[in-house]
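To start, the structure under review is shown below, and the notes come after it.
The values are calculated or read from the model by the stated rules, or taken from the named source; none is laboratory data. Small disclaimer: the values here were computed from a predicted structure and weren't measured. All Cβ positions, glycine included, derive from the backbone under ideal geometry; neighbour counts span all protein chains shown.
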Amino acid sequence: MSNLVLGRGEIYFDRFAAGTENKTGERYLGATPSFAVSGETQELEHYSSERGLRVKDESVTLQIDFTGALTLEDINQDNLALFFFGAAENATIAGATGQTDSVTVKQDRFYQLGTTAAKPEGVENVTTVTVTGTGATPTYVLDTDYTVDLALGRIYIIPGGGIADDTAVELNYDIVAQSQERVASGSTLVTGALRFISFNGVGTNRNFYMPKVTLRPNGEFALKGEEWQNFGLNVEILQAGTNLENLYIAARGITT
């Protein structure tokens, strides 16, 4: 009987709640074109050197490390949070009127509206944008002195227009109520449980369960290119307590 296998399957990750090993539920990671597990051992070896050539007469395994590597193609906010050690959120941004940013500008430069310590990337979806001097005068002319991208919340100072370099201006605008997917990078290792469910093209389906792993970014994440975006994660397979092993492999159960 042949035991050849053409490996296929789905990967699920159960991220632990911050600062704990409490599970929060398994999330399907989406398209993962590759997933591999590696094992490496460290031995203490002894050689007999009584006569002639030294001969190895004992070898004791001191350490076993199991690791893995996977590639993700499903570029969603939760997966991005894994790569950047961050947290994903669905932010709700309240509408606001009469907002003002005071900026010293130069011609041929872009300026993002609404940059704050809480939201350093700025705001999008703005309306009623005007540019004035400090104290509300003079009022500059749209499409002559500056242009506005309302969807992105960006202002461009037109070269040769009426706003000279190093002019202090006030950018006035309203913010439209909106929701936004957002990921902020972090510095804490991502830890959880990992499950691989086989749906092999050929061969016995076996499920691999790792009760505790840490995930780390592996290599580059190309933001621009001629191929589908993807990124890699390194997986360190750990022991989750003295009563559990690092990894469990189980074929599909057969009812009796």
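Starting from residues that are over 30 Å from T32 (Cβ atoms) and acidic (D, E), keep the ones in the range 51-77 and report whichever is nearest to the chain's Cα centre (by Cα). Quick ask: steps written out before the conclusion?
Going through the range 51-77, the residues over 30 Å from T32 (Cβ atoms) turn out to be 51-62.
Okay, now just the ones that are also acidic (D, E), so 57-58.
Numbers: D57: 49, E58: 46 Å.
Looking at the filtered set, the residue picked out is E58.
Residues of the range 113-138 that are surrounded by 12 or more Cβ atoms within 10 Å (Cβ to Cβ), hydroxyl-bearing (S, T, Y) and within 22 Å of P159 (Cα to Cα): T130, T132. Between D78, D74, the distinction of being assigned by TED's automatic domain parsing to the domain that holds V213, closer than 30 Å to N205 by Cβ, modelled with pLDDT of 95 or more and surrounded by 16 or more Cβ atoms within 10 Å (Cβ to Cβ) belongs to D78 only. Would you confirm, using the coordinates I've provided, whether Y146 is farther than 30 Å from G39 by Cβ, among the aromatic types (F, W, Y) and either in the same structural domain as V105 (by TED's automatic domain parsing) or touching a Lys or Arg at 6+ places or on another chain (Cβ under 9 Å) (or both)? So Y146 passes the test.
The criterion of being aliphatic (A, V, I, L, M) and touching a Lys or Arg at 6+ places or on another chain (Cβ under 6 Å) does not hold for A184. Condition first: closer than 30 Å to D165 by Cβ, hydroxyl-bearing (S, T, Y), modelled with pLDDT of 95 or more and surrounded by 15 or more Cβ atoms within 10 Å (Cβ to Cβ). Can you find one or more residues in the range 90-112 that meet it? Yes - at least one qualifying residue is present in the range 90-112.
Restricting to the range 28-62, name every residue that is in contact (Cβ under 8 Å) with a residue 24 or more places away in the chain and either of a type in the set (F, W, Y) or not in a strand (DSSP E or B) (or both). Step through it out loud before you land on a result.
Just the residues of the range 28-62 that are in contact (Cβ under 8 Å) with a residue 24 or more places away in the chain, to begin with: 29-41.
Across the range 28-62, the qualifying residues are L29, G30, A31, T32, P33, F35.
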